[in-house]
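First up is the structure itself, then whatever we jot down about it.
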Amino acid sequence: MIAYIRGKLVEKNPAYVVLECNDIAYHINVSVTTYSKIQDLEVCRLYTHYFIKDESLPVLFGFAERLEKDLFLQFLSVNGVGPNTARMILSSYSPTEIREAVIAGNIALLKSIKGIGPKSAKRIILELQDKFAKQVPEGTYSADAHNTPIDEALSALASLSISRPAAKKAIDRAVKENPGLKTVEELIKAALKVI
């Protein structure tokens, strides 16, 4: 319905912002993650999702990154996860950390999020683990200061439709056999040889 809204931030706090665009002010619910990225801005663009359920009032959610919006929609597809729970998940960790936790089956991390119990954590992993492992999110190849060559190699192998566990196993084996591997390209080539 509304892909994104770009405008002036006239009000902002960790729970919602008011974004003015063409003399219309939109009340947009945001995660703490999005808030932290836009809190110092005067003008911003938020990817949006217009949530309507039954006869409740419609609610607009906004995201600083497309990956966060995509994860939000994936979490909504899980039985028992509503928009506020999905927003809490995305407020607790970065989109990349959440995605990696689901792929790795990290139940402990998911249970540490307010509102997520053991059953919900298992359900999220069961329903989303394979989907997340097959997807290569936008920005995977960004030169993030926190990305190591191994992380980048894992992402590249995932883009080749190699499951994350298989890619990790191959990279671990390649590094064990040849500890001198340093660049992303070397890691990918060596991993492909042992898969």
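Some values worked out for this structure:
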item	result
Matching residues, segment 155-195, being closer than 24 Å to L128 by Cα and among the basic types (K, R)	R164, K168, K169
The one condition in (1) surrounded by 18 or more Cβ atoms within 10 Å (Cβ to Cβ); (2) farther than 23 Å from S94 by Cβ that Y35 fails to fulfil	(2)
Total residues in segment 158-177, condition of a type in the set (A, V, I, L, M, F, W, C) and part of a loop (DSSP other than H, G, I, E, B)	2
Residue check for K53: more than 19 Å from the chain's Cα centre (by Cα) and among the basic types (K, R)	yes
Test result for E68, touching a helix residue (DSSP H, G or I) at 6+ places or on another chain (Cβ under 8 Å) and among the acidic types (D, E)	yes
Residues (among the polar types (S, T, N, Q) and within 21 Å of T96 (Cβ to Cβ)) located in segment 49-79	Q74, S77
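Laboratory data are not the source of any read-out in this text; all were calculated from the coordinates shown. As the structure is a computational prediction, the values presented were derived from the model and not from experiment. Using ideal geometry, Cβ is built from the backbone for each residue, glycine included, and neighbour counts are taken over all protein chains shown.
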